[in-house]
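Down below is the structure, laid out as structure tokens.
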Amino acid sequence: MGVDGANEESVSHEEGSGKGPTSRGDNDKVEECDLQHLHYLKMVVKESLRLHPSVPFPSPLECMEDTKVVDYDIPAKSRVYVSIWSVGRHPKYWGDDAKDFRPERFKNNDVNFNNAHMEFISFGAGGRICQGMSLANAIVELFYANLMHAFETLCMRLKPSACV
Ligand code: HEM
């Protein structure tokens, strides 16, 4: 689903064309060791996970004791649902263009989904954060990089002049 989101958004996102993963040399495929060089691809994947989290509503949490969150009194034993989808699109944290697909928003900042930034919780947060986060991110990046690489190769074969 992360790949779905990235693909759908990239196709309709002209600004990003030409900045995409692109090929690494003349290799047939992108390898895991190439990923560290594909900075724009990493931003595309992050932006896709922000706008299209595969798990928009994780399992509910149960409040262990009476708690106050902002103006809300939450009694013990309440079930609390956190909308990952809404947090990822909230203008208070992501600005007025929160709903736009703009990978560049991750340029020159360290905002990530690694449990350190509560505005970016596509893999959940806290002690129950997704155990497969690193694996899932690597798979999505690798899959997407290879998809783009194959597309570029095909494009070069069909119409080289259109692929500069
Ligand atoms: C893009 C792919 C994925 C996304 C967006 C994702 C997202 C999530 C989310 C939001 C949760 C709930 C966290 C919470 O309740 O706070 C979760 C839980 C979990 N995920 Fe993932 N996940 C992905 C892929 C994977 C993969 C590939 C694995 C395993 C190889 C995995 C293993 C788990 C496990 C074990 C939990 C339960 C953690 C717990 O309750 O303690 N996930 N994931």
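Laboratory data are not the source of any read-out in this text; all were calculated from the coordinates shown. Owing to the predicted nature of the structure, the values given are computational and were not obtained by experimental measurement. Note that each Cβ is placed from the backbone with ideal geometry, even for glycine, and that neighbours are counted across all protein chains shown.
A residue that is out of contact with any strand residue (DSSP E or B) (no Cβ under 8 Å at 6 or more places or on another chain), under 25 Å from Lys107 (Cα atoms) and of a type in the set (Gly, Ala, Ser) can be found somewhere in segment 38-48. When each of Val140, Val69, Val55, Val87 is tested for being within 13 Å of the ligand (Cβ to nearest atom) and either loosely packed, with under 10 Cβ neighbours inside 10 Å or over 25 Å from Glu32 (Cβ atoms) (or both), the lone residue that passes is Val87. Among the residues making up segment 70-98, those that are farther than 24 Å from Val111 by Cα and of a type in the set (Gly, Ala, Ser) are Ala76, Ser78.
Restricting attention to segment 102-122, does a residue exist that is touching a strand residue (DSSP E or B) at 6+ places or on another chain (Cβ under 6 Å), in contact (Cβ under 8 Å) with a residue 40 or more places away in the chain and more than 16 Å from Leu38 (Cα to Cα)? The answer is yes, given that some residue of segment 102-122 is touching a strand residue (DSSP E or B) at 6+ places or on another chain (Cβ under 6 Å), in contact (Cβ under 8 Å) with a residue 40 or more places away in the chain and more than 16 Å from Leu38 (Cα to Cα). Scanning segment 101-136 for residues that are of a type in the set (S, T, N, Q), near the ligand (Cβ under 7 Å from one of its atoms) and either surrounded by 12 or more Cβ atoms within 10 Å (Cβ to Cβ) or under 14 Å from Gly88 (Cα atoms) (or both) yields a count of 1.
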